[in-house]
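Visitor: Mind having a look at this structure? Questions to follow.
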Amino acid sequence: MKRDFLSVRDFTREEIIESFDIAIDMKKDRMKYSEALKGQTLALIFEKPSLRTRTSFDVGIQQLGGYSLYLSPNEISLGKRESVHDVAKNLERMVQGIMIRTFAHQIVEDMAKYANIPIINGLTDLLHPCQAMADFLTIYEKKGKLDNSLKVVYVGDGNNVAHSLMYAGARLGVNVTISTPRGFEPNLIVWQNAVADGAKTGAKIEVIHDPMEAVKNADAIYTDVWASMGQESETDKRKQIFKPYQVNANLMNAAKADTLFMHCLPAHRGDEVTDEVIDSPNSVVFDEAENRLHAQKAVMYKLMK
Ligand code: CP
Ligand code: NVA
């Protein structure tokens, strides 16, 4: 049976930890895995821009002995030039896996249903599971554990990145607090799923609107852009609403001396985070970016080997 990675929930806790251990091993010795996916091709479908996702999948599959095929938004025009079903049925005849970044989450669900090869979600409007894998791998490396003695606080918009952090924390047993303005809370179904998953692993998943209150005792403070890709027309309006949610020195000081600062990037410096914080010694944003490569290589290895 082929497997997909559309959500962090597609992996059990044990599988996530196992993939982190593989990722750490790959990071230590790149050449050890240089033929692991020899001759396999991963198609990269992008309907939105990308730096990290594109680079890490492209380089990652090559480091495993395979090839990548980049398909830009103009080339496929999913669902317009050709149906998702027909794209899936064509690609499965020629490549061994598909990474897709798109808008509606249903598109990756449909692609996974129709294609008889592994599908990896490289970001939808709902979820960004590869990001959460890299983020929790980073926390694992920095804090040496993943359990409910840790508290990750996400401050900002209740978006795709927030959703995947909630799912990953819940699966791993790490407490996750989300702090958003009213009206920008996480998706209700994601929230309920995460609370239910967390109840099984001992992770507390909660939403606290006051950011100062939320970040108390945080081991990591995480933020993301206030307007995600596709929401550009709301940028000015959101800047006003989210201003009290900026991660600045004042907010970092309300946590601990060794609280990590995290961001999926790209960052809008001066909006959701100040230069002072993102450039501080507590900031691990480029470790997270690097870990996209290692975490995703481990995911590809688990699905395509
Ligand atoms: N964090 C992230 O997914 O970056 P890109 O949008 O550049 O891929
Ligand atoms: N929430 C952001 C994440 C970018 C990596 C977006 O969807 O644009």
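Visitor: Would you point out which residue out of 13, 30 is under 17 Å from the mean Cα position of the chain (by Cα), more than 16 Å from ligand 2 (Cβ to nearest atom) and of a type in the set (D, E, K, R)?
Guide: 13
Visitor: When you go through (1) in contact (Cβ under 8 Å) with a residue 60 or more places away in the chain; (2) away from ligand 1 (no atom under 16 Å from the Cβ) one by one for residue 108, which number turns out not to apply?
Guide: All conditions are met except number (2).
Visitor: Six or more apart or on different chains, Cβ under 6 Å: which pairs go from a residue in region 3-20 that's closer than 21 Å to residue 196 by Cβ to one that's of a type in the set (S, T, N, Q) and buried (at least 20 other Cβ atoms within 10 Å of the Cβ)? Could you list them?
Guide: Filtered contacts from region 3-20: 6/121; 8/164.
Visitor: For region 72-86, what are the residues that are surrounded by 19 or more Cβ atoms within 10 Å (Cβ to Cβ) and either within 16 Å of ligand 1 (Cβ to nearest atom) or farther than 11 Å from residue 100 by Cα (or both)?
Guide: Those that are surrounded by 19 or more Cβ atoms within 10 Å (Cβ to Cβ) and either within 16 Å of ligand 1 (Cβ to nearest atom) or farther than 11 Å from residue 100 by Cα (or both): 76, 84.
Visitor: Among the residues that make up region 172-188, is at least one of them in contact (Cβ under 8 Å) with a residue 60 or more places away in the chain, more than 16 Å from ligand 1 (Cβ to nearest atom) and of a type in the set (Val, Ile, Thr)?
Guide: So far as region 172-188 goes, yes, one or more of its residues are in contact (Cβ under 8 Å) with a residue 60 or more places away in the chain, more than 16 Å from ligand 1 (Cβ to nearest atom) and of a type in the set (Val, Ile, Thr).
Visitor: Just give me the residues in region 93-148 being more than 15 Å from ligand 2 (Cβ to nearest atom), surrounded by fewer than 24 Cβ atoms within 10 Å (Cβ to Cβ) and among the aromatic types (Phe, Trp, Tyr), in sequence order.
Guide: 114, 140
Visitor: Let me ask you something else. Could you list all residues from region 34-60 that are away from ligand 1 (no atom under 15 Å from the Cβ) and either assigned to a helix (DSSP H, G or I) or free of Cβ contacts under 8 Å to residues at least 40 places away in the same chain (or both)?
Guide: Answer for region 34-60, where residues must be away from ligand 1 (no atom under 15 Å from the Cβ) and either assigned to a helix (DSSP H, G or I) or free of Cβ contacts under 8 Å to residues at least 40 places away in the same chain (or both): 34, 35, 38, 39.
Visitor: Kindly indicate which of 199, 203 is away from ligand 1 (no atom under 16 Å from the Cβ), touching a helix residue (DSSP H, G or I) at 6+ places or on another chain (Cβ under 7 Å) and under 21 Å from residue 10 (Cβ atoms).
Guide: Every option except 203 fails the conditions.
Visitor: Let me ask something else. Is at least one residue of region 221-241 surrounded by 13 or more Cβ atoms within 10 Å (Cβ to Cβ), at pLDDT 95 or above and of a type in the set (Asp, Glu)?
Guide: Taking every residue of region 221-241 in turn, at least one turns out to be surrounded by 13 or more Cβ atoms within 10 Å (Cβ to Cβ), at pLDDT 95 or above and of a type in the set (Asp, Glu).
Visitor: Please find, among 244, 266, 281, the residue that is over 30 Å from residue 1 (Cα atoms), without any contact (Cβ under 8 Å) to a residue 40 or more places away in the chain and surrounded by fewer than 20 Cβ atoms within 10 Å (Cβ to Cβ).
Guide: Just a single option satisfies the conditions, and that option is 281.
Visitor: Tally up the residues in region 251-286 that are over 18 Å from residue 121 (Cα atoms), within 16 Å of ligand 2 (Cβ to nearest atom) and either out of contact with any strand residue (DSSP E or B) (no Cβ under 9 Å at 6 or more places or on another chain) or small (Gly, Ala, Ser) (or both), please.
Guide: 6
Visitor: Could you go through region 94-109 and let me know if any residue there is under 21 Å from residue 295 (Cα atoms) and within 12 Å of the chain's Cα centre (by Cα).
Guide: Yes, some residue in region 94-109 is under 21 Å from residue 295 (Cα atoms) and within 12 Å of the chain's Cα centre (by Cα).
Visitor: Among the residues that make up region 227-234, is at least one of them more than 15 Å from residue 161 (Cβ to Cβ) and within 13 Å of ligand 2 (Cβ to nearest atom)?
Guide: Yes, region 227-234 contains a residue that is more than 15 Å from residue 161 (Cβ to Cβ) and within 13 Å of ligand 2 (Cβ to nearest atom).
Visitor: Looking at region 83-123 only, could you name the residues that are under 19 Å from residue 61 (Cα atoms) and hydrophobic (A, V, I, L, M, F, W, C)?
Guide: 91, 94, 95, 98, 99, 100, 117, 119, 120, 123
The values are calculated or read from the model by the stated rules, or taken from the named source; none is laboratory data. None of these values were measured; they are calculated from a predicted model. Ideal geometry is used to build each Cβ from the backbone, glycine not excepted, and the neighbour counts take in all protein chains shown.
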